[in-house]
Amino acid sequence: MGKVKGFKEYKRIDEKYIPVRKRLKNYKEFTIDPKESVLNSQAARCMDCGVPFCHSGCPLGNLIPDFNDLVYNKKWKEALDILHSTNNFPEFTGRLCPAPCEAACVLGIIDPPVSIELIEKQIVEKGFKENWISPKIPDIRTGKKIAIIGSGPTGLAAAQQLNSVGHSVTVFERDNKVGGLLRYGIPDFKLEKKIIDRRINILIEEGITFKCNIEVGKDLKIEEIEKEYDAVLMSTGSTIKRKLDIPGNNLSGIVQAMDFLTHNNKFVDGQLDKHLSKYDAKGKNVIVIGGGDTGSDCIGTSNRHGAKNVINFELASKPSRERDLKNPWPYWPFTLKSSSSHEEGAEREWSILTKKFIGDKDNNIVSLQTVNVKFDDEKKQFIEIPNSEKNWNCDLVILALGFTGPENDLPKKLNIHLNKRGNISSNSNYQTKKNNIFTAGDCRRGQSLIVWAISEGREASYHIDKYLMGSSNLPRKDSFGDL
């Protein structure tokens, strides 16, 4: 490394934010870019650790010590090339990834880990600022045509990889704009949509065709897809929303998180003149059920609406602030995490189970009833605590409970199978039971992280290229086995 003892000289810095009162006034990103000299010193904290566990912590296999060393030595363009060699969209992961690489950082054993995600984001943003990132148009075309169904990060990564070796790629998206959950599931205060558009414009210039407002199997017949294209990639995501099957779940005022977030993103994008009342949190007592990233996004969005009060329910118990013996380094730490949205204003309730929703005579929700729970290690289930029932007043309940799997209409029409988990079944080559139809991303592995989505798209592109051409020079990290 450029500075072997840099980790002893510099303390970790985290990304800085503008004050809460200012950022709640709009939906723009609110991070503050650090000075370049600060980033140089942060990169110098990367140790000469011998075995960089950050590589295995990152599903993309990003060459983290390499780009850290280059940033320390102020070789930003070279660092960008290294970063892009494993990651198609570091501007997305640098904003949205929970950074499992940092959890696996060797320095993290004794000190706060290297600020890998911050450095990654700043590398790619400097690349755009300096116009180092430009379309790479393939010199030749193979004559092979590939259809990609779904334009989330998996589909986009596969499209760019396959286009780069000369295949003609068409991406079909049933929504009105490209991006999948990046576009309509992530709030603008975490990812402004101009960041997506900036990258999509490059992909278009590289020769990728995008067709929106087309749902394959409905607007376009399956027979046409299979006849026209040499290979098909299913990257439709995991989109069946988990429900809460308890009394009163049909009351007005109970909405799914992804419906709430999608509506708000379309409002911010100017597609809607005003909020529909059922998705408007202004002046309301809001309860968000679900403590993951989506729940956090709903909290941040509700506060920007002007919610009267926001409470977040989590079924699990409150995590400790430090790792315990059952959760050692370098595994992902199951410790207490507070997002920027939590810090903007939300009460957090742990070990709590919602039992029923209560409505008024007009069928509007007015309260809900909960019970406290504890996890029984022997029975491997949550046990209700007697006499712990409680009623909570609420005008809006947002269900952020995750997804159970992909929609099955299209797999049925394509005559491909789902596995026991409800995901699209494939072999280790990402092929379904039809050799020319491949699958990748959340519809293959289940709801997961953006880095896994990009990784799956890259891996699938290797196997598609090999299927079409007999061999492939596309880079790949590893084979993740059958799912």
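A few remarks follow.
- Among the residues of this structure, Asp188 does not count as one that is surrounded by fewer than 18 Cβ atoms within 10 Å (Cβ to Cβ), modelled with pLDDT of 95 or more and of a type in the set (Asp, Glu).
- Whichever residue in region 310-335 is surrounded by 18 or more Cβ atoms within 10 Å (Cβ to Cβ) and free of Cβ contacts under 8 Å to residues at least 40 places away in the same chain and, among such residues, is nearest to Leu396 (Cα to Cα): Val310
- Residues that are surrounded by fewer than 21 Cβ atoms within 10 Å (Cβ to Cβ) and in contact (Cβ under 8 Å) with a residue 12 or more places away in the chain do not occur anywhere in region 231-238.
Results for (1) under 26 Å from Val288 (Cβ atoms); (2) touching a Cys at 6+ places or on another chain (Cβ under 6 Å), shown as yes or no for each residue.
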site	(1), (2)
Cys394	yes, no
Lys412	no, no
Ile424	no, yes
Asn427	no, no
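- Yes/no for Ile358 being under 18 Å from Gln256 (Cα atoms), outside any loop (DSSP other than H, G, I, E, B) and among the aliphatic types (A, V, I, L, M): yes
- Residue match in region 135-147 (condition: in a loop (DSSP other than H, G, I, E, B), within 21 Å of Ala453 (Cβ to Cβ), touching a residue at least 12 places away in the same chain (Cβ under 8 Å) and not acidic (Asp, Glu)): no
Results for (1) touching an Asp or Glu at 6+ places or on another chain (Cβ under 8 Å); (2) in the same structural domain as Phe189 (by TED's automatic domain parsing); (3) closer than 20 Å to Leu474 by Cβ, shown as yes or no for each residue.
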| position | (1), (2), (3) |
| --- | --- |
| Ile32 | yes, no, no |
| Glu36 | no, no, no |
| Leu39 | no, no, no |
| Cys58 | no, no, yes |
| Gly61 | yes, no, yes |
| Pro65 | no, no, no |
| His84 | no, no, yes |
| Asn88 | no, no, yes |
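- Evaluation of Glu226 against the conditions (1) surrounded by fewer than 20 Cβ atoms within 10 Å (Cβ to Cβ); (2) more than 21 Å from Lys136 (Cβ to Cβ); (3) modelled with pLDDT of 95 or more shows that the sole unmet condition is (3).
The values are calculated or read from the model by the stated rules, or taken from the named source; none is laboratory data. It should be emphasised that the depicted structure is a prediction, and the values quoted were computed from it without experimental measurement. With ideal geometry, Cβ positions are generated from the backbone for all residues, glycine too; neighbour counts draw on all protein chains shown.
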